[in-house]
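The values are calculated or read from the model by the stated rules, or taken from the named source; none is laboratory data. None of these values were measured; they are calculated from a predicted model. Here Cβ is always computed from backbone atoms with ideal geometry, including for glycine, and neighbour counts include all displayed protein chains. Side chains are part of the model used for accessible areas, which takes the heavy atoms of the whole protein and leaves out ligands, DNA and RNA. Shrake-Rupley method; radii C 1.70, N 1.55, O 1.52, S 1.80 Å.
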Amino acid sequence: MSSFRSTLRRSSATVVMGLAAMTLSATTLSAQAGKTGVVVVAHGGDSLWNALVKDAASKAKTDVPVEVSFLMSFGAAQARFQDAVAKLEAKGVSRIVVVPMLVSSHSGHYDQIRYLAGEPIELDKEMAHHLHMAGIEKPKTSLPIIVTPAMDNAPQVAQVLADRAKALAPNPKERALLIVGHGPNSAEDYASWMENLRQVADTVKAMTGFRDVRVELVRDDAPAAVRAEAVKRVRELIDLQQMATGKEVIVVPVLVSKGSVSRDKVPADIKGTPSVYSGEPLLPHDAMSRWVEMRVRDAGKAPAKTAQKAH
């Protein structure tokens, strides 16, 4: 009897260990099946511009592999979307999350990213030409790909802008703030940009206590007459805000990284107005890494689409 009980105990232990091993194996396989890779895609600029994007992406605590890709300008040909996807695929990921580091989801560059991810959209000739010139094309993969929204009305954008503004006006109660962005070409996209950025402006006002917070776009790539009208509105807003407060208006750009728009064009656009300008864009700031984390986390709740192989 004693021998039988001993055998029974050994058999039971073997069964338990076997079940535990099966459970562990299933858990491991499940984890492998759900392994995500991330591609942070930005417009691209000079080496400093690109370095700030790479730094923000590297500091995002996603616990998954992250690659960076650029659509245009310096370094775009060396950081192509299809190469980023191939690197992640080589690391054994089973799905890819694409995070567009753009101010708005309503732009030709966002459409470029959707196109590269395999979504059934047709690019206009200019956007298609930009990709072609950099040698960027759809990746040859069957991995599921999901494209997250761009920054839009994300709270992290408001946090950065609030910090930039308060650095120039630590006691902003009687001051006005104008947030200036690049903006799109079309009127329809302009309306969508403004809908999101007005929410950002309201959040900045609540966070900082500025008496008045407005937003406007210079529409930098639009035809000359359209851009001139946009700049005129920016200047008029500054004058109106100064008249209401009696103090110089704080002007902060809502731009991704440091480049010619923040450094040269916006200062020229507002020259001679009663304003104090901060040329500091969204990067560098820790909140931008937190934004990447939020987009990756939210993407885990959304269904992915299978990329269409390039032919």
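Just list whichever of Lys166/Lys205; Lys87/Lys138; Lys166/Lys247; Lys247/Lys271; Lys54/Lys140 have alpha carbons separated by over 22 Å in the model shown.
Those over the limit are Lys54/Lys140.
Can you give me the % of accessible surface on the chain that is carbon or sulfur? Probe 1.4 Å, all protein chains present, nothing else counted.
Reported share for carbon and sulfur atoms: 55 percent.
How large is the Kirkwood hydrodynamic radius of the stretch 72-187, in angstrom, based on all distinct alpha carbon pairs?
16.7 Å
By how many nm would the segment from Arg235 to His129 grow when fully extended, if each residue of separation counts as 0.36 nm and the alpha-carbon distance is taken off?
Details: separation 106, 0.36 × 106 = 38.16 nm, distance 3.41 nm.
Contour length minus the Cα-Cα distance gives 34.7 nm.
Quick one: angle between helix 224-245 and the longest Cα principal axis of the chain, in degrees between 0 and 90, rounded to 10, please.
80 degrees
In vacuo Debye scattering of the stretch 116-169, one point per C-alpha: log10 I(q)/I(0) at q = 0.22, 0.24, 0.28, 0.30 Å⁻¹?
-0.90, -0.98, -1.13, -1.18
Starting at 0 and stepping by 10 Å, how many percent of the alpha carbon pairs of the stretch 93-133 end up in each bin?
Binned Cα distances yield the sequence 27, 55, 18, 1.
On the principal axes of its Cα set, how long, how wide and how thick is the stretch 176-237? Give whole Å, largest value first.
36, 22, 12 Å, listed from the longest principal axis down.
Round to the nearest 10 and give me the degree value, 0 to 90, for the angle of helix 187-208's Cα axis relative to the longest principal axis of the chain.
90 degrees
For the chain, what does the accessible surface come to per residue with a 1.4 Å probe? Please give it in Å².
Values: 15360 Å² over 311 residues.
Per-residue accessible area for the chain comes out at 49 Å².
For the stretch 168-311, what is the per residue volume of the convex hull drawn over the alpha-carbon atoms, in cubic angstrom? Could you put the intermediate results ahead of the total?
Numbers: hull volume 22.8 nm³, N = 144.
For the stretch 168-311, the hull spanned by Cα atoms encloses 158 Å³ per residue.
Efficiency by 1/(1 + (r/R0)^6): what FRET value for Ile121 and Lys59, r their Cβ-Cβ distance, R0 = 35 Å, to the nearest 0.05?
0.65
Using the beta-carbon distance between Lys91 and Lys271 and R0 = 35 Å, what value does 1/(1 + (r/R0)^6) give for FRET efficiency, to the nearest 0.05?
0.10
Could you work out how far helix 47-58 tilts from the main Cα principal axis of the chain, as a 0 to 90 degree angle to the nearest 10?
Around 40 degrees separate the two axes.
Show me, for the stretch 73-83, the HN-Hα J-couplings you get by feeding each phi into the Karplus relation (A = 6.51, B = -1.76, C = 1.60, θ = phi - 60°), rounded to Hz, glycine and proline as x.
Each residue of the stretch 73-83 in turn: 6, 4, x, 5, 5, 8, 9, 6, 4, 5, 6 Hz.
Which whole-number percentage describes the relative contact order of the chain, with Cα contacts under 8 Å and a sequence gap of 6 or more?
With pairs under 8 Å counted, the relative contact order is 21 percent.
Using a Gaussian network model of the chain with C-alpha springs under 10 Å, which one of Glu126, Glu236, Glu195 is most mobile by mean-square fluctuation?
The residue with the greatest mean-square fluctuation here is Glu126.
Rank Ala128, Gln199, Pro253 by how far each Cα sits towards the positive end of the charge dipole of the chain (+1 on Lys, Arg Cβ; -1 on Asp, Glu Cβ) and give me just the farthest.
Ranked along the dipole, the leading option is Gln199.
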